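Comments concern the structure below.
The values are calculated or read from the model by the stated rules, or taken from the named source; none is laboratory data. Nothing here was measured: the structure is a model prediction, and the numbers come from that model. Using ideal geometry, Cβ is built from the backbone for each residue, glycine included, and neighbour counts are taken over all protein chains shown.
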Amino acid sequence: MALTSQGYQLKQAWQAIKRHPMFSVNVIATIAITLGALLCATTLIYLMLVKPLPYPDMDNLYVAKQSMMDQEGGFVGEGFSYPAAKHLYKQHDKNVEVALSYLTTDVITSLSEPVTIDSGYITPEWFILLGAEFTLGHNFTVQQNMDNFSPGAIISHQLWQEQFSGEQNILSKSIDIRGVSHPIVGVLAASFVEPEVKNLGRKTQLWLTWDYNWTEQMAWGDLSSIDGAVNVLIKTDDKANIKRLENQLNRQQSDLWQQEFANHVNFQHWQISVALVELSNEIYQGQTELIYYVFFACLGIFLIAMTNITNLFMSRTVEQQRNLAIHAAIGANKFKVFSLLFSEYGLLLFISLPFVLAIAYLGFYLLQQYLGSVLPRANELTLSWFSFGFSFCVLLTLNTLFTYICRQLVPYHQLRNTLSQSGKGSGIQIKASIRTSLIATQITIAATLIFINLAMFNQAYRTIKQPIGISVDNLWQLRLAETNPTQTAPEALRNDLININNALNQHPEIAKSTISLSPLIWFGNYPLLDVEHNKQYTPQVKLVDDGYFPMLSQSFIAGDNFTEQQILDSEWVMIINEKLASLLAPAGNALDKKVRFWGRDYRIIGIVQGLHLPNDREMPPRAYVPDKRKRANIMLKTKTDNPMKKADLLQVVRSVSSNYTIRAVAPMIDDKNRLLFIQYTTLAVTGGLTILTLFLAIIGLYGILSYSSQLRRYEIGTRLAIGAKSGDILSMIFKDSVNALLIGLVGSVLASSLLFLMFSEQLNQLINTHTIVWVAATATTVTGITLLGCYLPIRKYLSNPVIKCLRAIEE
Amino acid sequence: MNEILKLEQITKVFETEELETHALSGISLSIHQGEYVSISGPSGCGKSTLLSIMGLLDFATSGKYFIEGHDVTSLTLNQAAKVRNEKIGFIFQSFNLIDELSVFDNVALPLRYHSQKFSNQEIEQRVLARLEQVGLSHRISHKPNQLSGGQQQRVAIARALVANPSILLVDEPTGNLDSKAGDQVMDLLEELNKQGTTICMVTHDPRYADMARIKVQLLDGKVLHAPLTKATA
Ligand SMILES: Nc1ncnc2c1ncn2[C@@H]1O[C@H](COP(=O)(O)OP(=O)(O)OP(=O)(O)O)[C@@H](O)[C@H]1O
Ligand SMILES: [Mg+2]
């Protein structure tokens, strides 16, 4: 009996949904889009704050980090220096496990075409600590540990599929990297997720044994400089004594330091400290602010949408009063009335569930595609029981809430009267105050969101448009890799490089080329001593040749560029930027000053205008010294806008020497855009959210106003009948909404002020002279929306004969 | 006497998806100043349709329609509003008072929509005079829902009269009233007619139809029986 009555109710509910297709589509679409978006944002927060990383004994995993301060307390860098990492690995206690990784990019030269991939050089413990599983083969063995120089390669599941078409005999093959052939010993399981310790969204395709890393091979390691490629992972069973472990590591490192720099007075005053950071904390250095912003924006939009739907459901309930009255008249009790509403709204919400999940799925896909490099653990974004459970709970809560509110609207004891009354306007109605507060709530949230979105959009836009001080038009960065660095004499390589550069200069499409690395890619931090005042600075340093400044059109304030001879002779001359010049000689002229750098006396020969790179809060001091032409980076300027072809360039390189292959070639604008990625993301996200907010606010206000004008249909009809013109009716409706509009605008000013107080650190930079423009733009937009929302619903009453308006509502 | 309304071969066809309803088929009728016309007939015969066309609330499918000699067959909506406001007073079965407005403001409404601007003093004078006429000058600040049905209908009559229309169009004025209140409303209408107001009234009730001096009977959208009026005579 109970079952059939529920079946009957569901059938009734289904009929009701079919009878009001626009209403149903409106509800489903609104819930799908806004709850889908909220689900995406919540999943990100969940991954960030709650969900454990997919590694065994996660709580016991730490990343060790060195931080270096020079004797002046100037920050040099954070990470690990190469020799220090090796020392830590070799000297560690029995009660901890240590794994090293060296993350970089490489070119595989053994495939039909050279392929550039993200690579990692590791000690065998790396995969043990991370609990990696293998589809084929196994981890590196003890025989492949540090200092054994035993080559070996482990490839990712993806590389196996893409470059080796998933061949089963893969373990009999090998991969060539910089002249060394690495036999493939394993294929990682597709489910392996690498910890994003170096950068977010990184997918290392190829893992090699530690000893073949670049720094080792090129003998670059230097105790006093941080090697950005090096990562140190530590596992301890003794979590309680983590401070003691930290102290022990610090002591060990400082012993090493003192030993190395016993004779260097300056270095003895550097502060080197080691900190252990929980792996889970270390990874979450993504754009957490962006994530929180997106979450709150999605929540705001969701609330706007729920206001809309509350209104829609309330209107439905009022429309249904006759039906409900009939149910009451034939004996339905209060609970029955509740469950009647519950099943109708519930069915509608339940139908939207798959759409919610579909929208979230789309959102995950877009986030992975476009924001993988700024969102932590984006590769773990998938539909899961969490998504399902979350959506289900939200929908269930909404259903109960809507039903409860609507049930309050139905004065049960008066239902029976409804039937006997024939006059108009005597049934249940939504009070004007509820209508006003719904509109005001909407306007408050919408205006606040639009204002903050516009301000953020504007700030990102200005950062993007801000001149960086150089022109990157038609500039390309070519990065070569030595095929056999260990087997070719350094002199030969250097000559090859110079010849390649000359050959490129002859190329018909190339205007100019110079052996330098773009400022958008790299600067190093090195100590520099002002001999005269015995003062030390740690400027950002770059190795360049004579063509660098002319190619970037970076102009000189004083002095001269390097000459070709100075570069060839690697003379001890230096060019500095205006900022460093002002530090070295606050009042006077820094030209011809002597500074101590890399153990030598350098003479300052030029001062250039400073760069403003996208992420520079303020201009850092910078120094430039002649490049020894040891690193194969070449900047190119093309004659036309046409893109450079990798194959063409490879041909030029090969015609000079077979010792080099192309590691990467890309327009510099790509690097600029990469540095501005967050700003572009902000543009896209705030732009998208503004449009969504506007859209929802319009349909929401339209819904509320259209419903209230529907309720006022008789009144409007009566007024028209006694001679009101369309203009009279329009101005009457506008006047009625002005109150709600004003309350909403004042509310949004309060809400924004509150937000700015609560998050002053993040938001205050948004306030500037443009703010008034955004306030005005927001107010105009919101007013426009309200006016439109007033006009559209009554348009049909004003453009048809009055009798339509006066006829009974229930047709 | 002056001809106030003149209908010539008015037809009205309602087209819905399934069928066409010929609500009116060729109605010709004229009403002169001071007349009291009743329209009656069985339910669904087209009485209300006819009245709404007369009141410019709806437009005829074909035929011609004149008010005080002016062709009003094809006016724009706003032109029709002006004519309604100045020439026509409506009285509905369901009173159609506006709940949020006081009795005074309800009655004053037509003056506020009038093309001629009235001073507040003038409005007050005219509204009070009309309320006096319907016997409700002691209820001016009440809201409609604080009045009885009969009182509400009398407020509606005051509102219909306030702009000095040429004709009162009345649709089932007693439909929502008990017989005592209904009688009072009918007495009031008769009194108004005696004072010179032209009235055209739709009613079911033969008793009330008899109070009119000219009785038009409709059947299936046609005039079944119309006594000679001065125009057709
Ligand atoms: N908007 C409409 N659409 C379709 N048909 C309509 C419409 N309005 C009226 N009709 C039809 O026109 C005919 C006349 O309707 P009308 O309301 O004028 O009747 P009536 O004489 O006033 O009846 P009653 O005495 O019951 O009020 C009816 O058959 C009705 O069904
Ligand atoms: Mg009727």
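Quick grid of which residues meet (1) surrounded by 14 or more Cβ atoms within 10 Å (Cβ to Cβ); (2) free of Cβ contacts under 8 Å to residues at least 60 places away in the same chain:
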| site | (1), (2) |
| --- | --- |
| A:740 | yes, no |
| A:746 | yes, yes |
| A:753 | no, yes |
| A:759 | yes, yes |
| A:771 | yes, no |
| A:776 | no, yes |
| A:784 | no, yes |
| A:787 | yes, yes |
| A:791 | yes, no |
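What number of residues within the stretch B:34-63 satisfy the criterion of being near ligand 2 (Cβ under 9 Å from one of its atoms) and of a type in the set (Gly, Ala, Ser)?
Selection size over the stretch B:34-63: 4.
Mind checking which residues of the stretch A:607-652 are surrounded by fewer than 20 Cβ atoms within 10 Å (Cβ to Cβ), touching a Gly at 6+ places or on another chain (Cβ under 7 Å) and either not aliphatic (A, V, I, L, M) or not assigned by TED's automatic domain parsing to the domain that holds residue A:499 (or both)?
A:609, A:612
Only one of A:75, A:80 is buried (at least 20 other Cβ atoms within 10 Å of the Cβ) and aromatic (Phe, Trp, Tyr); which? Break it down stepwise before answering.
Numbers: A:75 fails: buried (at least 20 other Cβ atoms within 10 Å of the Cβ).
After ruling out the rest, the residue left standing is A:80.
Please determine whether any residue of the stretch B:190-207 is within 12 Å of chain A (Cβ to nearest Cβ), in contact (Cβ under 8 Å) with a residue 40 or more places away in the chain and within 16 Å of ligand 1 (Cβ to nearest atom).
Among the residues of the stretch B:190-207, not one is within 12 Å of chain A (Cβ to nearest Cβ), in contact (Cβ under 8 Å) with a residue 40 or more places away in the chain and within 16 Å of ligand 1 (Cβ to nearest atom), which makes the answer no.
Based on what the data block shows, is residue A:246 under 33 Å from the mean Cα position of the chain (by Cα), farther than 30 Å from residue A:149 by Cβ and surrounded by 14 or more Cβ atoms within 10 Å (Cβ to Cβ)? Steps first, answer last, please.
On the way: under 33 Å from the mean Cα position of the chain (by Cα): yes; farther than 30 Å from residue A:149 by Cβ: yes; surrounded by 14 or more Cβ atoms within 10 Å (Cβ to Cβ): yes.
Spelling it out, residue A:246 is indeed under 33 Å from the mean Cα position of the chain (by Cα), farther than 30 Å from residue A:149 by Cβ and surrounded by 14 or more Cβ atoms within 10 Å (Cβ to Cβ).
When you check residue A:531 against the structure, is it under 36 Å from the mean Cα position of the chain (by Cα), in contact (Cβ under 8 Å) with a residue 12 or more places away in the chain and assigned by TED's automatic domain parsing to the domain that holds residue A:641, yes or no? Reasoning before the result, please.
Values: under 36 Å from the mean Cα position of the chain (by Cα): no; in contact (Cβ under 8 Å) with a residue 12 or more places away in the chain: yes; assigned by TED's automatic domain parsing to the domain that holds residue A:641: yes.
Considered against the rule, which asks whether it is under 36 Å from the mean Cα position of the chain (by Cα), in contact (Cβ under 8 Å) with a residue 12 or more places away in the chain and assigned by TED's automatic domain parsing to the domain that holds residue A:641, residue A:531 comes out as no.
Determine whether residue B:100 is surrounded by fewer than 17 Cβ atoms within 10 Å (Cβ to Cβ) and assigned to a loop (DSSP other than H, G, I, E, B).
Numbers: surrounded by fewer than 17 Cβ atoms within 10 Å (Cβ to Cβ): yes; assigned to a loop (DSSP other than H, G, I, E, B): yes.
For residue B:100, the condition - surrounded by fewer than 17 Cβ atoms within 10 Å (Cβ to Cβ) and assigned to a loop (DSSP other than H, G, I, E, B) - is met.
So which residues in the stretch A:378-398 are over 26 Å from the mean Cα position of the chain (by Cα) and of a type in the set (Phe, Trp, Tyr), if there are any at all?
Here is the first cut: in the stretch A:378-398, the residues over 26 Å from the mean Cα position of the chain (by Cα) are A:392-398.
Hit for the stretch A:378-398 is A:392, nothing else.
Counting only residues that are over 24 Å from residue B:213 (Cβ atoms) and within 9 Å of ligand 1 (Cβ to nearest atom), which one in the stretch B:21-50 is surrounded by the most Cβ atoms within 10 Å (Cβ to Cβ)? Explain how you work it out, then say what you get.
Of the residues in the stretch B:21-50, the ones over 24 Å from residue B:213 (Cβ atoms) are B:21-23, B:25-26, B:43-44.
Those still in the list that are within 9 Å of ligand 1 (Cβ to nearest atom) too: B:21-23, B:43-44.
Numbers: B:21: 14, B:22: 15, B:23: 21, B:43: 7, B:44: 12.
Once the filter is applied, the top-ranked residue is B:23.
Which members of the stretch A:151-176 meet the condition of being surrounded by 14 or more Cβ atoms within 10 Å (Cβ to Cβ), small (Gly, Ala, Ser) and free of Cβ contacts under 8 Å to residues at least 60 places away in the same chain?
A:152, A:153, A:156 - these are the residues of the stretch A:151-176 that are surrounded by 14 or more Cβ atoms within 10 Å (Cβ to Cβ), small (Gly, Ala, Ser) and free of Cβ contacts under 8 Å to residues at least 60 places away in the same chain.
In the stretch A:653-676, how many are farther than 22 Å from residue A:552 by Cα, surrounded by fewer than 18 Cβ atoms within 10 Å (Cβ to Cβ) and within 33 Å of the chain's Cα centre (by Cα)? Working first, answer last.
The first filter runs over the stretch A:653-676 and keeps only residues farther than 22 Å from residue A:552 by Cα, leaving A:653-663.
Next, only the ones that are surrounded by fewer than 18 Cβ atoms within 10 Å (Cβ to Cβ) stay: A:654-655, A:658, A:663.
Keeping just the survivors that are within 33 Å of the chain's Cα centre (by Cα) gives A:663.
Counting residues in the stretch A:653-676 that are farther than 22 Å from residue A:552 by Cα, surrounded by fewer than 18 Cβ atoms within 10 Å (Cβ to Cβ) and within 33 Å of the chain's Cα centre (by Cα) gives 1.
Among the residues in the stretch B:73-84, are any within 16 Å of ligand 1 (Cβ to nearest atom) and crowded, with 22+ Cβ neighbours inside 10 Å? Spell out the reasoning first.
Step one: list which residues in the stretch B:73-84 are within 16 Å of ligand 1 (Cβ to nearest atom), which gives none.
No, every residue in the stretch B:73-84 fails to be within 16 Å of ligand 1 (Cβ to nearest atom) and crowded, with 22+ Cβ neighbours inside 10 Å.
Which condition number in (1) in a helix (DSSP H, G or I); (2) closer than 30 Å to residue A:201 by Cβ is the one that residue A:241 fails?
(2)
Is there any pair with a first residue in the stretch B:24-51 that is within 14 Å of chain A (Cβ to nearest Cβ) and a second that is more than 15 Å from ligand 2 (Cβ to nearest atom) and of a type in the set (Gly, Ala, Ser) whose Cβ atoms are under 8 Å apart and which are 6 or more apart or on different chains, and what are they?
Close Cβ pairs satisfying both conditions: B:24/B:60.
If you scan the stretch B:52-83, which residues turn out to be more than 8 Å from chain A (Cβ to nearest Cβ), without any contact (Cβ under 8 Å) to a residue 24 or more places away in the chain and among the polar types (S, T, N, Q)?
Hits for the stretch B:52-83 are B:73, B:74, B:76, B:79.
Quick check on my filter: what residues within the stretch A:34-91 are basic (Lys, Arg), within 26 Å of the chain's Cα centre (by Cα) and farther than 30 Å from residue A:302 by Cβ? Break it down stepwise before answering.
Of the residues in the stretch A:34-91, the ones basic (Lys, Arg) are A:51, A:65, A:86, A:90.
Still in the running and within 26 Å of the chain's Cα centre (by Cα): A:51, A:65.
Listed by number, the list holds a single entry, A:65.
Taking helices (runs of 4 or more DSSP H) that fall entirely within the stretch A:260-335, which contain at least 1 residues that are touching an Asp or Glu at 6+ places or on another chain (Cβ under 7 Å), under 30 Å from residue A:78 (Cβ atoms) and modelled with pLDDT under 85? Write out each step before concluding.
Working: elements: A:265-268, A:279-283, A:288-319, A:321-329.
Result: A:279-283.
Among the strands (runs of 3 or more DSSP E) lying completely within the stretch B:148-225, list those that include at least 2 residues that are within 16 Å of ligand 2 (Cβ to nearest atom) and surrounded by 17 or more Cβ atoms within 10 Å (Cβ to Cβ).
Values: elements: B:167-171, B:199-202, B:214-219, B:222-225.
Strands (runs of 3 or more DSSP E) meeting the threshold: B:167-171, B:199-202, B:214-219.
If we scan the stretch B:51-60, do we find a residue that is under 26 Å from residue B:210 (Cβ atoms), away from ligand 1 (no atom under 16 Å from the Cβ) and either acidic (Asp, Glu) or out of contact with any helix residue (DSSP H, G or I) (no Cβ under 7 Å at 6 or more places or on another chain) (or both)? It would help to see each step written out before you state the result.
Taking the stretch B:51-60 and keeping what is under 26 Å from residue B:210 (Cβ atoms), we get B:51-55.
Next cut, away from ligand 1 (no atom under 16 Å from the Cβ) only: none.
Checked against the condition, which is being under 26 Å from residue B:210 (Cβ atoms), away from ligand 1 (no atom under 16 Å from the Cβ) and either acidic (Asp, Glu) or out of contact with any helix residue (DSSP H, G or I) (no Cβ under 7 Å at 6 or more places or on another chain) (or both), the stretch B:51-60 yields no hits at all.
Quick one: which helices (runs of 4 or more DSSP H) sit completely within the stretch A:538-629 and have at least 1 residues that are at negative phi and among the aromatic types (Phe, Trp, Tyr)?
Numbers: elements: A:548-552, A:564-568, A:578-584.
In the stretch A:538-629, A:548-552 are the helices (runs of 4 or more DSSP H) which contain 1 or more residues that are at negative phi and among the aromatic types (Phe, Trp, Tyr).
Out of B:10, B:27, B:31, B:4, I need the residue that is assigned to a strand (DSSP E or B), farther than 30 Å from residue A:712 by Cβ, within 16 Å of ligand 2 (Cβ to nearest atom) and not polar (S, T, N, Q). Which one? Walk me through how you get there before you give the answer.
Values: B:10 fails: within 16 Å of ligand 2 (Cβ to nearest atom); B:31 fails: within 16 Å of ligand 2 (Cβ to nearest atom); B:4 fails: within 16 Å of ligand 2 (Cβ to nearest atom).
Of B:10, B:27, B:31, B:4, the one residue that is assigned to a strand (DSSP E or B), farther than 30 Å from residue A:712 by Cβ, within 16 Å of ligand 2 (Cβ to nearest atom) and not polar (S, T, N, Q) is B:27.
Sort out which residues of the stretch B:107-148 are aliphatic (A, V, I, L, M) and more than 14 Å from every other protein chain (Cβ to nearest Cβ), and write them in order of number. Lay out the reasoning, then the answer.
Taking the stretch B:107-148 as the starting set, the residues that turn out to be aliphatic (A, V, I, L, M) are B:107-109, B:111, B:123, B:127-129, B:131, B:134, B:136, B:140, B:147.
B:123, B:128, B:129, B:131, B:134, B:136, B:140, listed by residue number.
Looking at the stretch B:167-177 only, could you name the residues that are away from ligand 1 (no atom under 16 Å from the Cβ) and more than 13 Å from chain A (Cβ to nearest Cβ)?
Within the stretch B:167-177, B:167 is the sole residue that qualifies.
For the stretch B:86-105, does any single residue satisfy the condition of being under 23 Å from residue B:35 (Cα atoms) and away from chain A (no Cβ under 13 Å)?
Among the residues of the stretch B:86-105, not one is under 23 Å from residue B:35 (Cα atoms) and away from chain A (no Cβ under 13 Å), which makes the answer no.
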